[in-house]
Every structure is written in C-alpha cells, then in structure tokens.
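Asks: Please read through the structure below; I'll follow up with questions.
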Amino acid sequence: QVQLAESGGGLVQAGGSLRLSCAASGSIISINAMGWYRQAPGKQRELVATITSGGIINYVDSVKGRFTISRDNAKNSGYLEMNNLKPEDTAVYYCNANILRPHSSTWRQYWGQGTQVTVSP
C-alpha cells in the first residue's frame, strides 16, 4: 500500500510564509511527476505546481514568483515553499504523485489527505 502524507499547513497572515511537505511511503519503485493541487470552498480543485523526476517545473500563473516546488528523490518527498501568501491562497492543499510499484508495469496516481492553508487579511 502506498500513502502520501502532507504536513505544514496552518494559519498565517497575508504576506507570510508556509512550507508544505509530502512524504510517500510504502512499496515504491519510482516516482515520476509530483504535484500540488488546491481546492478552495465552493471551487474546483486546481493545479498549483508540478515537478518531474528530472526537475522540470510548472506553476499556475497566480503563484509564479511566490511559490517554489521541490523534491528529494532519495526521500520520496516533495515540498512547496509558499511566500508572500495572499487570502486567495486559502484552500486545502493536496499532494499528488505518479508512482510505480513493485510487480506492476502501470504507473498510478496517488493523493494525500490534504492540509489546510488559511491566510488571513
């Protein structure tokens, strides 16, 4: 069984910073792309940032210059550094990873349980 566990969410004032972490555990051969998504109340889940195993990175326009995605392949972990946070960044943030497990030829996507980020004005 593979699990993704997020941590690092919380309440912060506008202009502040938070660092989210995502740790993948279980039987894992390899992790391809990792990403962070978020879902605000009443809105659809949206992609925030992705990073491939080779380090290719993409961000949604609204976070460019403020958020930084990274990963540690040796630790099967991903991170999202969020600076200059704004109230509109308030959402539940989810980690996502494309994982290859032992005895399988198929990559599968896994999701974490989500971590709340709240930015006060």
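The values are calculated or read from the model by the stated rules, or taken from the named source; none is laboratory data. Quick caveat, the model's predicted, so the values are computed rather than measured. Note: ideal-geometry Cβ built from the backbone for every residue, glycine included; neighbour counts use all protein chains shown. Just so you know, the surface numbers come from the protein's heavy atoms only, side chains and all, with ligands and any DNA or RNA stripped out. Shrake-Rupley method; radii C 1.70, N 1.55, O 1.52, S 1.80 Å.
Asks: Against the conditions (1) over 13 Å from residue 4 (Cα atoms); (2) touching a strand residue (DSSP E or B) at 6+ places or on another chain (Cβ under 6 Å); (3) surrounded by 14 or more Cβ atoms within 10 Å (Cβ to Cβ); (4) not hydrophobic (A, V, I, L, M, F, W, C), where does residue 98 fall short? Just the number, please.
Replies: With respect to (1) over 13 Å from residue 4 (Cα atoms); (2) touching a strand residue (DSSP E or B) at 6+ places or on another chain (Cβ under 6 Å); (3) surrounded by 14 or more Cβ atoms within 10 Å (Cβ to Cβ); (4) not hydrophobic (A, V, I, L, M, F, W, C), residue 98 is out only on (1).
Asks: Which residues, counting only those in the range 43-53, are within 17 Å of the chain's Cα centre (by Cα) and open to solvent by 60 Å² or more (accessible area, probe 1.4 Å)?
Replies: 44, 45, 46, 47, 53
Asks: If you don't mind, another one. Given 33, 40, which one is open to solvent by less than 60 Å² (accessible area, probe 1.4 Å), among the hydrophobic types (A, V, I, L, M, F, W, C) and within 12 Å of the chain's Cα centre (by Cα)?
Replies: Every option except 33 fails the conditions.
Asks: Right, next: Considering each residue of the range 10-37, count those that are closer than 14 Å to residue 72 by Cβ and in a loop (DSSP other than H, G, I, E, B), and give that number.
Replies: 1
Asks: Shifting gears a bit: Residues 28, 69: which one is surrounded by 12 or more Cβ atoms within 10 Å (Cβ to Cβ), closer than 23 Å to residue 101 by Cβ, touching a residue at least 12 places away in the same chain (Cβ under 8 Å) and not polar (S, T, N, Q)?
Replies: 28
Asks: Next up: Is there a residue in the range 84-94 that is open to solvent by 80 Å² or more (accessible area, probe 1.4 Å), touching a strand residue (DSSP E or B) at 6+ places or on another chain (Cβ under 8 Å) and closer than 15 Å to residue 21 by Cβ?
Replies: Within the range 84-94 (the criterion being open to solvent by 80 Å² or more (accessible area, probe 1.4 Å), touching a strand residue (DSSP E or B) at 6+ places or on another chain (Cβ under 8 Å) and closer than 15 Å to residue 21 by Cβ), the answer is no, since none of the residues qualifies.
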